[in-house]
Amino acid sequence: MTVSKRLRPFGVTIFAEMTALAQAHGAVNLGQGFPDWDGPDFVKDAAAESMRAGGSDQYPPMPGIPPLRRAIADRYGPLLGRELDPDTEITVTTGCTEAICATLLGLVDPGDEVILINPYYDSYPVAVALAGAVPRHVTLRPPDFRLDLDELAAAFGERTRAILVNTPHNPSGRVFTREEMEAIARLCIEHDVIAISDEVYEEITFGPEHIRMATLPGMAERTVTLSSIGKTYSLTGWKVGWAIAPPAFTAGVRAAHQFMTFTTPTPVQHGAVAALRAPQEFYAELRTGYQRKRDLLASGLAAIGFEPHMPQGTYFLLAGYSQFSDEDDRSFARRLVEEAKVAVIPPGVFYDDPRHGHGLIRFAFCKQDAVLSEAVERLSRLAPR
Ligand code: GLN
């Protein structure tokens, strides 16, 4: 065993595992959440132009290039309802995943408690462990995956330093209601806790309003808002994210970021400037496009016997499979990739107690319509139990 004790419990990320299995079995890959198309030309052109023009080949400033921090301030100022200072409140990171890790390493001490809402994106507990902190788990349960406010309140205590919140939520597709967000905010204020708010799916919603944690009363001063260009602009491979936080928290984020990646590649930061200046129609089209794909997949799955939980946001859909099997999610996902040649994610990996994922599989619908239809076609040949 060569892997450190700190990281040993976490094994290999499910996304790498399922994508490798998909390739090995020639499966349609609805597992790992990345679009199977390229990002927009106006963004790629800006990055390419910055490389051609020169001056883009050396280290950018540690907190991000000034025009990108300016563009982030311009876009998020109105969304967060306050003026943002690019010099003291915005840090560009290598994807939101780095921002999560830098925030925890920079603001949380060993022994502090961090509340994780299960199911969670799989890097959360790893980042908590790297910070030497102790996770406290709160669980969303089917069919509606609502926050149990009593369970939430019980997780807050003396040692709570932070709560990690993700809305719109991967993998359930929930967009937390104002009532749920206000409950989190109240507890954060009462217990003097930092809200680390991962909002990478902020633009992918199908009706319900995305509530931004930092806009709730008393929360601007205790929230770190995280996002990226990955989901909104279909550029998951560019790894450009950011942390927006009041100066004292930004100091913590940067204290970690400067020694993790130091910076994020210069050309993609120039591309991100163009992305953030996209016209309003861009976001409207994004939503319409994904809503259509959601409906295509959900109706296809329902017609062949799966039980989809209709997402209100994100490009993920959880579905029950009780008509096909009573295997656990991992075994069933394994069989789907091998026999049906469709790769999905078993959501047990997103829970502290993997049994909570039993009976559910996660589909990503950020794929061409033909790919979604092909997946449903292949799944339709599954024998009922
Ligand atoms: N966020 C994406 C998902 O949940 C993929 C993340 C990754 O591949 N590490 O599928």
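The values are calculated or read from the model by the stated rules, or taken from the named source; none is laboratory data. As the structure is a computational prediction, the values presented were derived from the model and not from experiment. Positions of Cβ are backbone-derived with ideal geometry, glycine not excepted, and every protein chain shown enters the neighbour counts. Keep in mind that these areas ignore ligands, DNA and RNA; they rest on the heavy atoms of the full protein, side chains included. Shrake-Rupley method; radii C 1.70, N 1.55, O 1.52, S 1.80 Å.
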Does any residue in the stretch 137-154 that is β-branched (Val, Ile, Thr) come within less than 9 Å, Cβ to Cβ, of a residue that is modelled with pLDDT of 95 or more and open to solvent by 40 Å² or more (accessible area, probe 1.4 Å) six or more places away or on a different chain, and which pairs are these?
Val138/Asp148; Val138/Glu151; Val138/Ala154; Thr139/Asp148; Thr139/Glu151; Thr139/Asp352; Thr139/Asp353; Thr139/His356
Count of residues meeting criterion [under 22 Å from Thr88 (Cβ atoms) and of a type in the set (Val, Ile, Thr)] in the stretch 194-222:
3
Quick check on Ser172: is it under 17 Å from the mean Cα position of the chain (by Cα), within 16 Å of the ligand (Cβ to nearest atom) and over 17 Å from Leu140 (Cβ atoms)?
no
Among (1) open to solvent by 30 Å² or more (accessible area, probe 1.4 Å); (2) under 15 Å from Ile196 (Cα atoms), the one test that Leu80 misses
(1)
Is it true that some residue in the stretch 357-367 is closer than 30 Å to Pro60 by Cβ and either crowded, with 18+ Cβ neighbours inside 10 Å or out of contact with any Ser or Thr (no Cβ under 7 Å at 6 or more places or on another chain) (or both)?
yes
I'd like the residue in the stretch 198-229 that is of a type in the set (S, T, N, Q) and within 15 Å of Thr97 (Cβ to Cβ) and, out of all such residues, is surrounded by the most Cβ atoms within 10 Å (Cβ to Cβ).
Ser228
Residue that is least open to solvent (accessible area, probe 1.4 Å), among those in the stretch 315-342 that are over 21 Å from Glu374 (Cβ atoms) and touching a His at 6+ places or on another chain (Cβ under 7 Å)
Asp329
Considering only residues that are touching a residue at least 60 places away in the same chain (Cβ under 8 Å) and in a helix (DSSP H, G or I), which ones fall in the stretch 350-372?
Phe350, His356, Gly357, Asp369, Val371, Leu372
Cβ pairs under 6 Å, 6+ apart, first in the stretch 116-133 and more than 15 Å from the ligand (Cβ to nearest atom), second among the acidic types (Asp, Glu)
Ala133/Asp112
Could you tell me whether the stretch 148-160 includes any residue that is surrounded by 20 or more Cβ atoms within 10 Å (Cβ to Cβ) and touching a Ser or Thr at 6+ places or on another chain (Cβ under 8 Å)?
no
Return a yes/no flag: does the stretch 310-323 have any residue that is part of a helix (DSSP H, G or I), under 26 Å from the mean Cα position of the chain (by Cα) and of a type outside the set (D, E, K, R).
no
If the Cβ limit is 6 Å and pairs must be 6+ apart or interchain, which residue in the stretch 260-286 that is in a loop (DSSP other than H, G, I, E, B) pairs with which residue that is among the aliphatic types (A, V, I, L, M) and open to solvent by 70 Å² or more (accessible area, probe 1.4 Å)?
none
Note: among Arg52, Arg70, Arg75, just one is more than 14 Å from the ligand (Cβ to nearest atom), among the basic types (Lys, Arg) and open to solvent by less than 50 Å² (accessible area, probe 1.4 Å), namely Arg75
Filter the stretch 24-40 for residues that are over 24 Å from the mean Cα position of the chain (by Cα) and not aliphatic (A, V, I, L, M); which is surrounded by the most Cβ atoms within 10 Å (Cβ to Cβ)?
His25
